[in-house]
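Below is one structure, written out as structure tokens, with a few remarks after it.
The values are calculated or read from the model by the stated rules, or taken from the named source; none is laboratory data. Just so it is clear, the structure is predicted and the values come from calculations on it, not from any experiment. Ideal geometry is used to build each Cβ from the backbone, glycine not excepted, and the neighbour counts take in all protein chains shown. Only protein heavy atoms, including side chains, enter the accessible area calculation; ligands, DNA and RNA are left aside. Shrake-Rupley method; radii C 1.70, N 1.55, O 1.52, S 1.80 Å.
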Amino acid sequence: MRLLKVAAAALNQTPLAWAANRENILAAIARARAEGVGILCLPELCISGYGCEDAFLAPFVRETALDVLHEILPQTRGIVLSLGLPLQHAKAVFNTSCLVADGKLLGFAAKRALAGDGIHYEPRWFKPWPAGTRTKVSVRGQELPLGDTLFDVGGVRIGFEICEDAWMAKRPGAELAAEAVDVILNPSASHFAFGKHEVRQRLVLEGSRAFGVTYVYSNLLGNEAGRAIYDGDALVASGGQIVARAPRFSFARVELATAVVDLDLGGVRQGALSSYQPNLSAAADARVSTAFSYPPATGVTRPAVPATWEQTTHTKEEELTRALGLGLFDYLRKSRSRGFVVSLSGGADSALVACVVAMMAKAALAALGAEELRERLPFLDDASLGSPPALAARLLTTVYQATQHSSETTRRAAREVATALGARHLELEMEELVVGYRKRVEAALGRTLDWQTDDLALQNVQARVRAPSVWLIANIERALLLSTSNRSEAAVGYATMDGDTAGGLSPIAGVDKNFVRAYLRWLESDGPQGLGPIPALSFVNAQAPTAELRPASAAQTDESDLMPYDVLDVIERAAIRDKRSPREILELLSAEFPAHEQPTLVLWVKRFFRLFAQNQWKRERYAPSFHLDDESLDPKTWYRFPILSGGFERELEELGER
């Protein structure tokens, strides 16, 4: 047996944060060396950060990345590892991972398949590496291999699949298997999305099984650049089994998935397959070879078991809690803000946002402890670190802003939830300001505003008048104001621009309203493992969602203004995610909602498409939001649509009059 200890790292990096990124890398190396690791895989572009965007095109960024690489090299004695960085060659920029052994730079593997859809935009900055191409690149006076580079380090053959390479139908791993590699390293920057972990795990398992290798998959961790959240999910597979996994959604800067593997086992199984055909014509000089003595390894690691929260029937709810919590925590510390402010209306969306902040505080304190949490958030004092409620009171300020049409039901719901969370809660009376604006405008126009002719304007002024006060509180606290709009509202523009959309970050803009409501019911009764339920949410969950902007006699609800949320969400997914036409969606609704009459379904389909087209300008102006799944409406990272358009007029005419 050839036993070897390998490790995949999850690192919490930040674009262009050279010192912090270097320290995380060095911490991972030191920890791996202390644990007797022979080969360590670090994430994609870990030196520069993955989310540098157009800065990748700046020569000084690439030069600085090389500077940091050479600063790290002396600390790599006694270990083999990969390091990711942008590299220029022949006037083009490539996404590369270099292999380092015992302080020596051996060469660079370049990424073939560039992620260019959805949230990714790699072809804007990098060129794809042509399959099978190998060349030399000059790096600080040293000629080094670059391209589809294979390595033989101390008798262990090592190859690369870099992130998207493994997601392609024609994976480089098949060619590496023919070259009889022992280990495939996959340095990745694979963002979180609901359910993506299962797909990622299958890729790693299949890479190990089909290619007869030990597969080492590293990943980023945390909120790296603002929108994407990385769950870590570093994995090691051997013999078609996951033998090590890092904890997902960790608050740590560095996590390792470490395993002892038998390198011969994969070769024996691969060689026994009748379909396996080695590449016997490969040139001997196609590999970069160097001597290396690996640390001794004993025992073989058994299959790794997922965390208990990942094995429940509420995995999506658990993932949302952890993704939003980690995303908010990193956004807080990386933006150097000193807490969060939430305009707590007593409704579902703002309650969810406030709850997630409080749960983040509780989870971070439990995971890091008071001393390390103070190091990560230096503005915290001893009193705020004494307990989760004390920390929540320091990090979360909630504000209920009442106008004439606000009810005691929502006022009490906001107060009860804030109290249960331990938040600092403020109540402001806003009607005097609403009346003041109304009187000024009436005087200027020379007429009285009334609900028959000015309904929308009179609703919006109530929402807009709240923004200056809550912004003022956020500025005083040096805190980040969180917008509370959800994806269903964004789809139809059911929000007041510069009113309830006010904020610097919109954490739940990627979550549909139905899931918001289901999540809050779960959070009221059960809650995430290790955090527990929040029973005070009963005051929110008992209500029908309402903006509370019309007189009470209007009996306003969201669904009476729009349509049932379950219908809205089906239309939105079919139209945006599945690219279906209005006529196709009408057929879908007729089958899925037979209780509703056809003319009503026609009305709702037309309402959705008209509102969607009219309100693209609002989505363009929403605060940055977290990417949570592949159904996002964010025009900057996922679904682009013209601000001005024909509004689906022809398509809607085909549905008839309604």
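Some values worked out for this structure:
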read-out	value
Filter pass, residue 257 being of a type outside the set (Asp, Glu), buried (at least 24 other Cβ atoms within 10 Å of the Cβ) and touching a Lys or Arg at 6+ places or on another chain (Cβ under 6 Å)	yes
Sole residue being closer than 16 Å to residue 75 by Cα and either open to solvent by 10 Å² or more (accessible area, probe 1.4 Å) or touching a Leu at 6+ places or on another chain (Cβ under 7 Å) (or both), chosen from 28, 17, 9	28
Residue under evaluation residue 127, criteria (1) open to solvent by less than 10 Å² (accessible area, probe 1.4 Å); (2) closer than 30 Å to residue 641 by Cα; (3) not hydrophobic (A, V, I, L, M, F, W, C), criterion not met	(1)
Residue 478 being touching a residue at least 60 places away in the same chain (Cβ under 8 Å) and more than 30 Å from residue 570 (Cβ to Cβ)	yes
Candidate set from the range 294-321 (those that are open to solvent by 50 Å² or more (accessible area, probe 1.4 Å) and farther than 30 Å from residue 265 by Cβ); member that is farthest from the chain's Cα centre (by Cα)	313
Test: residue 658 is in contact with a helix residue (DSSP H, G or I) (Cβ under 8 Å, 6 or more places away or on another chain) and modelled with pLDDT of 95 or more	no
Selected residue [closer than 24 Å to residue 14 by Cβ and among the small types (Gly, Ala, Ser)] from 115, 178	115
Matching residues in the range 192-210 - criterion: being assigned to a loop (DSSP other than H, G, I, E, B) and surrounded by fewer than 24 Cβ atoms within 10 Å (Cβ to Cβ)	193, 194, 195
Selected residue (only one of 623, 595, 552 is over 30 Å from residue 225 (Cβ atoms) and in contact (Cβ under 8 Å) with a residue 40 or more places away in the chain)	552
Filter result for the condition that a residue is closer than 29 Å to residue 116 by Cβ and either modelled with pLDDT under 95 or small (Gly, Ala, Ser) (or both), over 629, 561	629
Filter result (under 18 Å from residue 524 (Cβ atoms) and either open to solvent by 10 Å² or more (accessible area, probe 1.4 Å) or without any contact (Cβ under 8 Å) to a residue 24 or more places away in the chain (or both)) within the range 334-359	345, 347, 348, 349, 358, 359
Yes/no for residue 589 being out of contact with any strand residue (DSSP E or B) (no Cβ under 8 Å at 6 or more places or on another chain), open to solvent by less than 70 Å² (accessible area, probe 1.4 Å), among the hydrophobic types (A, V, I, L, M, F, W, C) and part of a loop (DSSP other than H, G, I, E, B)	no
Elements of type strands (runs of 3 or more DSSP E) in the range 211-250, at least 1 residues being among the β-branched types (Val, Ile, Thr), more than 17 Å from residue 82 (Cβ to Cβ) and within 22 Å of the chain's Cα centre (by Cα)	229-231
Pair list, Cβ under 7 Å, 6 or more apart: the range 434-457 residue farther than 16 Å from residue 404 by Cα and free of Cβ contacts under 8 Å to residues at least 40 places away in the same chain, other residue open to solvent by 80 Å² or more (accessible area, probe 1.4 Å) and not in a helix (DSSP H, G or I)	442/448
Filter result for residue 524 (free of Cβ contacts under 8 Å to residues at least 40 places away in the same chain, in a helix (DSSP H, G or I) and farther than 27 Å from residue 193 by Cβ)	no
Yes/no for residue 216 being touching a Cys at 6+ places or on another chain (Cβ under 6 Å), modelled with pLDDT of 95 or more and of a type in the set (A, V, I, L, M)	yes
Residue within the range 109-123 that is surrounded by 21 or more Cβ atoms within 10 Å (Cβ to Cβ), of a type in the set (A, V, I, L, M) and out of contact with any helix residue (DSSP H, G or I) (no Cβ under 8 Å at 6 or more places or on another chain) present	yes
Which numbered condition residue 548 misses (of (1) touching a Phe, Trp or Tyr at 6+ places or on another chain (Cβ under 9 Å); (2) buried (at least 16 other Cβ atoms within 10 Å of the Cβ); (3) at pLDDT below 95)	(1)
Residue match in the range 631-641 (condition: open to solvent by less than 40 Å² (accessible area, probe 1.4 Å), touching a helix residue (DSSP H, G or I) at 6+ places or on another chain (Cβ under 9 Å) and part of a helix (DSSP H, G or I))	no
Complete set of residues in the range 458-501 that are more than 22 Å from residue 333 (Cβ to Cβ), assigned to a loop (DSSP other than H, G, I, E, B) and more than 22 Å from the chain's Cα centre (by Cα)	493, 494, 495, 496, 497, 498, 499, 500
Conditions (1) more than 22 Å from residue 248 (Cα to Cα); (2) under 21 Å from the mean Cα position of the chain (by Cα): number failed by residue 380	(2)
Yes/no for residue 469 being open to solvent by less than 10 Å² (accessible area, probe 1.4 Å) and of a type in the set (Ser, Thr, Tyr)	no
Hits in the range 311-332 - residues which are in a helix (DSSP H, G or I), modelled with pLDDT of 95 or more and over 23 Å from residue 501 (Cα atoms)	315, 316, 317, 318, 319, 322
Residues satisfying the stated conditions in the range 376-398, i.e. touching a residue at least 40 places away in the same chain (Cβ under 8 Å), open to solvent by less than 50 Å² (accessible area, probe 1.4 Å) and not in a loop (DSSP other than H, G, I, E, B)	376, 395, 396, 397, 398
Of residues in the range 89-103 being of a type in the set (A, V, I, L, M) and more than 20 Å from residue 78 (Cβ to Cβ), the one surrounded by the most Cβ atoms within 10 Å (Cβ to Cβ)	93
Test for residue 51: is it part of a loop (DSSP other than H, G, I, E, B), within 29 Å of residue 327 (Cα to Cα), touching a residue at least 24 places away in the same chain (Cβ under 8 Å) and open to solvent by 10 Å² or more (accessible area, probe 1.4 Å)	yes
Single residue of the range 614-630 satisfying the filter (assigned to a loop (DSSP other than H, G, I, E, B) and within 29 Å of residue 330 (Cα to Cα)) that is most open to solvent (accessible area, probe 1.4 Å)	630
Selected residue (only one of 66, 105, 81, 85 is touching a residue at least 40 places away in the same chain (Cβ under 8 Å) and closer than 30 Å to residue 262 by Cβ)	81
